[in-house]
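**Student:** Pasting in a structure now, in structure tokens, and then I'll have a few things to ask.
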4 protein chains.
Amino acid sequence: MNKIKIGIVGASGYTGSELVRILLNHPNVSIEYITSETSAGKPFADLHGAFRQLMELPLIKVEEALDIDVDAVFLALPHGVSMNYAPQFLEKGRVVIDLSGDYRLDDLALYEKWYQKHVSPELIGKAAYGLPELFSKEIKQANLIANPGCYPTSAILALAPVIQSGNYEESTIIVDSKSGTTGAGIKPGGSTHFPSLYGNFFAYKVEGHRHQPEIHNSLSKLNSKAFTIKFTPHLLPIDRGILSTVYVKPSETTDLNNLRKSFTNFYSGQPFIRITDAPPQVKNVKGSNFADIFPYYDQENGLIVILSVIDNLVKGAAGQAVHNLNLRFNLEETAGLGLAPLNP
Amino acid sequence: MNKIKIGIVGASGYTGSELVRILLNHPNVSIEYITSETSAGKPFADLHGAFRQLMELPLIKVEEALDIDVDAVFLALPHGVSMNYAPQFLEKGRVVIDLSGDYRLDDLALYEKWYQKHVSPELIGKAAYGLPELFSKEIKQANLIANPGCYPTSAILALAPVIQSGNYEESTIIVDSKSGTTGAGIKPGGSTHFPSLYGNFFAYKVEGHRHQPEIHNSLSKLNSKAFTIKFTPHLLPIDRGILSTVYVKPSETTDLNNLRKSFTNFYSGQPFIRITDAPPQVKNVKGSNFADIFPYYDQENGLIVILSVIDNLVKGAAGQAVHNLNLRFNLEETAGLGLAPLNP
Amino acid sequence: MNKIKIGIVGASGYTGSELVRILLNHPNVSIEYITSETSAGKPFADLHGAFRQLMELPLIKVEEALDIDVDAVFLALPHGVSMNYAPQFLEKGRVVIDLSGDYRLDDLALYEKWYQKHVSPELIGKAAYGLPELFSKEIKQANLIANPGCYPTSAILALAPVIQSGNYEESTIIVDSKSGTTGAGIKPGGSTHFPSLYGNFFAYKVEGHRHQPEIHNSLSKLNSKAFTIKFTPHLLPIDRGILSTVYVKPSETTDLNNLRKSFTNFYSGQPFIRITDAPPQVKNVKGSNFADIFPYYDQENGLIVILSVIDNLVKGAAGQAVHNLNLRFNLEETAGLGLAPLNP
Amino acid sequence: MNKIKIGIVGASGYTGSELVRILLNHPNVSIEYITSETSAGKPFADLHGAFRQLMELPLIKVEEALDIDVDAVFLALPHGVSMNYAPQFLEKGRVVIDLSGDYRLDDLALYEKWYQKHVSPELIGKAAYGLPELFSKEIKQANLIANPGCYPTSAILALAPVIQSGNYEESTIIVDSKSGTTGAGIKPGGSTHFPSLYGNFFAYKVEGHRHQPEIHNSLSKLNSKAFTIKFTPHLLPIDRGILSTVYVKPSETTDLNNLRKSFTNFYSGQPFIRITDAPPQVKNVKGSNFADIFPYYDQENGLIVILSVIDNLVKGAAGQAVHNLNLRFNLEETAGLGLAPLNP
């Protein structure tokens, strides 16, 4: 079989580097180029020493990349930058998988409220939301795929079976999420300065985080019954991993058995979802594309509690992007994504 | 002034060692003995090398300690062990400050449901619950003080102003807590084995933790209006610190200003409570007796969110115990507890 | 091509689990059984939750394993246990790759000085020392391969080019090594208790560690000129990785260029050795079979300084064992071992 | 007794903040001002949230500070900045304790080789080197005290008894040091970015670090017999602590007993030196002014090995500076420095 030719735009950050790691191990893909505006000309391993001898392509500028013939392009760029390039790559006939937040929301006003002025607003609402467990049909046909945010992936996967079932009160669903630091990107800053964060833990953006509308936007496609989301992110002093603890008040009493059954049914046949029988641990998915989900029903309080864990750089970013590529190009769904977690 | 003579029963663990650290710096206290059943005869510094040259008392057995004349005894023993000794020390006329869970609940049945058969049930309900910000009157007169659990301290301090105000729906209050590993004690075990926990994070006892009834038991003294607590503990890969994220549905709408005012009023004059204007960080209280509390009102969801942080070994255990000693013996409230947090 | 059938004896620990991780990704190998004396009957994922859905074989007892027809057996057992089983598996005609220290030393007396009484002394000196970069010829023909220790792997790779060249004074070579905690195994203990080790760092066994004779034993095969080794191990508060800082006084002055050239020549064609041009970082080899080595010549002091890093569970244990399997069965040298390091 | 009035110039960094922490607990000192050029006007707790309610002084500019009447000034400024202010404060009659490297070396050329052009060269060689265990006589009379670097403190304390004894070969002494990240300062950067450093470990400046001449400069005052130092710094993924592993070839054979005796004699009466009988741990000195030192004689190799640990921010910076203040002003040597380490 001919290999799918792909390009990675924005390979200097953690998401781009993780795409390289996964795609080097993918049997049906060839990486044609990797770009970086600030490091063009340098070898990739100068930025990411781990890849010495593994990735010999030099970094190029995105302008050069536009004309290189590839089937698909991953945009691993910051929010607000992707939207400058997505239209150009689409025009060249590439399938675009965008890992930024620029096309995740269906609603321009909502985007501009939480992000900034959009420069390609005509594409808003045209992208498939790239969460394969919920939207594989759309993904298979899309030329623009908006790869979900890391927090939203963990929250949506935890909530989807409940939202679809309709068994929730029309009140606030609480998503208390805790993320490792790679989610904050490769650029050094005060809150990720090692001496400050080591032994530390805190919540941030308690007043509102842009992933809250993303969670709500996607889940509300599953059910017309209203709900709101209170999303509280916290920063964990680890490198990789997100755990979300989700609390939902059901509209009708249920029991643990039924709840678990609804989850196993909902995710039946999904290769990357593992319904666990004990609270999941972030380290159990480290480096892999798994999402481990533990649904629990608290009889005493009449409360559904769901715990989910993912590796934010894999299922929460690069791995899910490759899953989307596989779906879009009719490849084996797990191609390149079969790696076991690093244990311990 | 004559110094208060005290003994520490159970000095081999983290709580006992932390009592030593604090009391060595206390101007009005003299440590008369320290005990350990398993290490009696050994120098304290053999167990805790940090204290070489600082604590020269040898460890003795508790049987020897019973007859040594002291004013007060700290029991830094496991749950189920304290209740064997508290009556004996009380009989000898010592003030007993118990750091275990043996006398924290008012209700024998509740204790025996969550812990085990009680051997001194006559003392159940006789102890003052040693949370100085709420129960200083009782503490000042008590001969048996039940020092609160670490999680309950963080949760109760976050909730007390709201519960007292009555502004909460009669529904479930959510306490999502994250604790460092010293809370699990000094005994090695699988979940605190370094390679397993490093880079890891998970919830545990989602089905129910004995600190849930303790939180409910104490808070319900503040208001007769009903509520229930859903308490979810998580294990953080750090040594010290607890952060609790608390969600309460108010029965009447409020605003951020009023909410903050109710907290500053409630804790007015309390030397160890700091109402912060940004989400608090566990590292900002490390090694100190402070509780940093951040009350927030989420207008959009109509939800009160409170974040609190403590050092679980200080405000959550040994520091609070010394605060109780100070109150009981009419010492300066902050004596021995004025140390700044270790930063960073 | 038919797959090589293998068994893993001792799959409950970190080394056994790492063998599973690597071999699941190996195109030419099929895992026929995995054993554990204490957990026989349990699913593997009960011990290592990371492998849920990936490894469905149940654990069996080694007695059952003896008669199962396989081509090769990995013994991932503690020192002193391996030597009970190696002879039995050899008698059954299996190739035995032993990851313990039981057959690494050529000299029975030396073994019994540093370990214990040997029960299969007739095999001492019969095993190939499984460091492929130095002993591939022996490995290809051996039925018993003694897989090197983790510290020795890092030290020997750093020193081999210098020792072979003979350019060292007949005095003490210093190997100052720092290891992550997985090297201490899966069994919880005081020094790897999370609260003790977090934020901590220390040396241990300064008076002598059994890896010192192993380092000397193997290196002295490269040159008859005498040398001694001072090996000082330290425990790093991380999970994976060893860094060794090695100091050698050369017998003749050299320069950086020549030194580097001798390293690149020595390791020419070796797929897992990367000679770096800056001090190597343990995280750059995490999860991979690479050894990154940085040779430096300190002109001012006339001193050779070599830094080497490996992942102790991969190049220091399971990965090297699979490399040995590949060599012994004429497979592609890198089969199953091509995975990029986890970055970051 | 009247309190000694002091000022802290440069309170935005970790060293300045640590001075505040220690001096708040000092019975004989009053802090008159704290300065920061970039944050003048802000409350100190805006930069260091840990100090809320503890330090209410606002930050001022150093220009304002010059005329405020104090007895002593701590300069917690970067190298190259201190030398601009030290002469001005000396002219005003303040005792100056400089925590930068600007006056540590006796030799202008050496300074300019390793640092930069000096702007107050007339003071070079006039400062007392503020290591109290070696130079208390000079410190007591000095108006300018150059507080030692953190690495040099750990290395010099480990080596001083051996150097003074003269029992070393005239060859290279190896100082293999490992430091926590607070030594790199409060300014975020690539090598201290949390995701990069977590789980990582590496050496740096293998080609030469400016602390090497400082170590040599100070130790050579103890003995005219020549020696050279090879100093290799490594970055530990922890916040506080330095461990140095030092290797010395003695010129005459010795034994463990004599070696230990020479250390206990040398440091007899020194309140902050603890000669341990097992390898010291960095966590055992955390937050305290102790240096724990373990001298060992390796009979087999005829090699002296010394391990020392300090908290780089206390004994390696602010604590030692306060010790110098105490000596200079005839205060109790341990005043303000009696705090026990934080354990664990």
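The values are calculated or read from the model by the stated rules, or taken from the named source; none is laboratory data. Given the structure is predicted, the values throughout are model-derived calculations rather than measurements. Cβ: placed from backbone, ideal geometry, glycine included. Neighbour counts: every protein chain shown. In case anyone asks, the SASA skips ligands and DNA or RNA and just uses the protein heavy atoms, side chains included. Shrake-Rupley method; radii C 1.70, N 1.55, O 1.52, S 1.80 Å.
**Student:** Within the bounds of the range B:295-318, is there any residue that is open to solvent by 10 Å² or more (accessible area, probe 1.4 Å), under 27 Å from B:I238 (Cα atoms), in contact with a strand residue (DSSP E or B) (Cβ under 6 Å, 6 or more places away or on another chain) and modelled with pLDDT of 95 or more?
**Tutor:** yes
**Student:** Which of the following residues is surrounded by fewer than 23 Cβ atoms within 10 Å (Cβ to Cβ) and touching a residue at least 40 places away in the same chain (Cβ under 8 Å): A:S136, A:S120?
**Tutor:** Every option except A:S136 fails the conditions.
**Student:** Taking D:S244 as the residue in question, decide whether it is of a type in the set (G, A, S) and open to solvent by less than 40 Å² (accessible area, probe 1.4 Å).
**Tutor:** It is true that D:S244 is of a type in the set (G, A, S) and open to solvent by less than 40 Å² (accessible area, probe 1.4 Å).
**Student:** On to the next question. Here is a check on your reading of the model: is B:I310 in contact with a Pro (Cβ under 9 Å, 6 or more places away or on another chain) and at negative phi? Even if it seems obvious, please write down each step before you answer.
**Tutor:** Values: in contact with a Pro (Cβ under 9 Å, 6 or more places away or on another chain): no; at negative phi: yes.
Answer is no for this residue.
**Student:** Scan the range D:223-233 for residues that are surrounded by 15 or more Cβ atoms within 10 Å (Cβ to Cβ) and more than 7 Å from every other protein chain (Cβ to nearest Cβ) and report the count. Steps first, answer last, please.
**Tutor:** Let us first name the residues in the range D:223-233 that are surrounded by 15 or more Cβ atoms within 10 Å (Cβ to Cβ), namely D:223, D:227-233.
With more than 7 Å from every other protein chain (Cβ to nearest Cβ) added as a condition, the list becomes D:223, D:227, D:229, D:231, D:233.
Within the range D:223-233, residues that are surrounded by 15 or more Cβ atoms within 10 Å (Cβ to Cβ) and more than 7 Å from every other protein chain (Cβ to nearest Cβ) number 5.
**Student:** Moving to a separate point now. Going by the conditions given, is D:K249 over 29 Å from B:L342 (Cα atoms), over 23 Å from the mean Cα position of the chain (by Cα) and surrounded by 17 or more Cβ atoms within 10 Å (Cβ to Cβ)?
**Tutor:** It is true that D:K249 is over 29 Å from B:L342 (Cα atoms), over 23 Å from the mean Cα position of the chain (by Cα) and surrounded by 17 or more Cβ atoms within 10 Å (Cβ to Cβ).
**Student:** Among the residues of the range B:97-111, is any at pLDDT below 95, buried (at least 16 other Cβ atoms within 10 Å of the Cβ) and more than 30 Å from D:T264 (Cβ to Cβ)?
**Tutor:** yes
**Student:** Is one or more of the residues making up the range B:174-190 charged (D, E, K, R) and open to solvent by less than 10 Å² (accessible area, probe 1.4 Å)?
**Tutor:** Of all residues in the range B:174-190, those charged (D, E, K, R) come to B:176, B:178, B:187.
Pick out the ones that are also open to solvent by less than 10 Å² (accessible area, probe 1.4 Å) and you get B:176, B:178.
Scanning the range B:174-190, I find at least one residue that is charged (D, E, K, R) and open to solvent by less than 10 Å² (accessible area, probe 1.4 Å), so the answer is yes.
**Student:** Quick check, is C:E32 open to solvent by 40 Å² or more (accessible area, probe 1.4 Å), modelled with pLDDT under 95 and not β-branched (V, I, T)?
**Tutor:** For C:E32, the condition - open to solvent by 40 Å² or more (accessible area, probe 1.4 Å), modelled with pLDDT under 95 and not β-branched (V, I, T) - is not met.
**Student:** Right, next: Regarding the range A:85-98, can at least one residue be identified that is among the small types (G, A, S) and under 18 Å from A:L325 (Cα atoms)?
**Tutor:** Yes; the residues of the range A:85-98 include at least one that is among the small types (G, A, S) and under 18 Å from A:L325 (Cα atoms).
**Student:** Search the range D:308-327 for residues being over 19 Å from D:N343 (Cβ atoms) and of a type in the set (A, V, I, L, M, F, W, C), and hand back the single one that is farthest from the other protein chains (Cβ to nearest Cβ).
**Tutor:** D:L327
**Student:** Would you mind stating whether A:F194 is open to solvent by 10 Å² or more (accessible area, probe 1.4 Å) and under 25 Å from C:N343 (Cα atoms)?
**Tutor:** No: the conditions fail for A:F194.
**Student:** Is it true that D:I273 is at pLDDT 95 or above, of a type in the set (A, V, I, L, M) and under 18 Å from D:Y151 (Cβ atoms)?
**Tutor:** So D:I273 passes the test.
**Student:** Which ones in the range D:320-344 are over 20 Å from B:N25 (Cβ atoms) and surrounded by fewer than 22 Cβ atoms within 10 Å (Cβ to Cβ)?
**Tutor:** Those that are over 20 Å from B:N25 (Cβ atoms) and surrounded by fewer than 22 Cβ atoms within 10 Å (Cβ to Cβ): D:F329, D:N330.
**Student:** Can you name the residue in the range D:259-287 that is aliphatic (A, V, I, L, M) and touching a residue at least 40 places away in the same chain (Cβ under 8 Å) and, of all such residues, is farthest from the other protein chains (Cβ to nearest Cβ)?
**Tutor:** At the first step, the residues of the range D:259-287 found to be aliphatic (A, V, I, L, M) are D:259, D:273, D:275, D:278, D:282, D:285.
Then keep just the ones that are touching a residue at least 40 places away in the same chain (Cβ under 8 Å); that gives D:259, D:273, D:282, D:285.
On the way: D:L259: 13, D:I273: 10, D:V282: 5, D:V285: 7 Å.
That would be D:L259.
**Student:** So, in the range D:288-307, how many residues would count as being touching a residue at least 40 places away in the same chain (Cβ under 8 Å), within 11 Å of chain C (Cβ to nearest Cβ) and not aromatic (F, W, Y)? Reasoning before the result, please.
**Tutor:** Taking the range D:288-307 and keeping what is touching a residue at least 40 places away in the same chain (Cβ under 8 Å), we get D:288-291, D:293, D:295-297, D:299, D:302-307.
Okay, now just the ones that are also within 11 Å of chain C (Cβ to nearest Cβ), so D:295-297, D:299, D:302-307.
Next, from what is left, pick out any that are not aromatic (F, W, Y): D:295, D:299, D:302-307.
Going through the range D:288-307 one residue at a time, the tally reaches 8.
**Student:** Need the failing condition index for A:D69 against (1) in contact (Cβ under 8 Å) with a residue 60 or more places away in the chain; (2) crowded, with 22+ Cβ neighbours inside 10 Å; (3) farther than 17 Å from C:N284 by Cβ, just the number.
**Tutor:** (2)
**Student:** Mind listing whichever residues of the range A:123-133 are assigned to a loop (DSSP other than H, G, I, E, B), open to solvent by 10 Å² or more (accessible area, probe 1.4 Å) and either on the phi < 0 side of the Ramachandran plot or in contact with a Cys (Cβ under 7 Å, 6 or more places away or on another chain) (or both)?
**Tutor:** Correct list: A:I124, A:K126, A:A127.
**Student:** I'd like the full set of residues that are of a type outside the set (F, W, Y), under 27 Å from A:L339 (Cα atoms) and open to solvent by less than 10 Å² (accessible area, probe 1.4 Å), limited to the range C:50-64. Break it down into steps so the answer makes sense when it comes.
**Tutor:** Start the filter on the range C:50-64 by keeping residues that are of a type outside the set (F, W, Y), which leaves C:50, C:52-64.
Checking which are under 27 Å from A:L339 (Cα atoms) leaves us with C:50, C:52-60.
Residues satisfying the conditions are C:A50, C:L59.
**Student:** Show the residue pairs that are 6+ apart or on different chains and have beta-carbon atoms under 7 Å apart, the first residue being within the range D:203-218 and in contact (Cβ under 8 Å) with a residue 24 or more places away in the chain, the second being open to solvent by less than 30 Å² (accessible area, probe 1.4 Å) and part of a helix (DSSP H, G or I).
**Tutor:** From residues that are in contact (Cβ under 8 Å) with a residue 24 or more places away in the chain, the pairs are D:H211/D:Y151; D:H211/D:P152; D:E214/D:P152; D:I215/D:P152; D:I215/D:A155; D:I215/D:I156; D:S218/D:P152; D:S218/D:I156.
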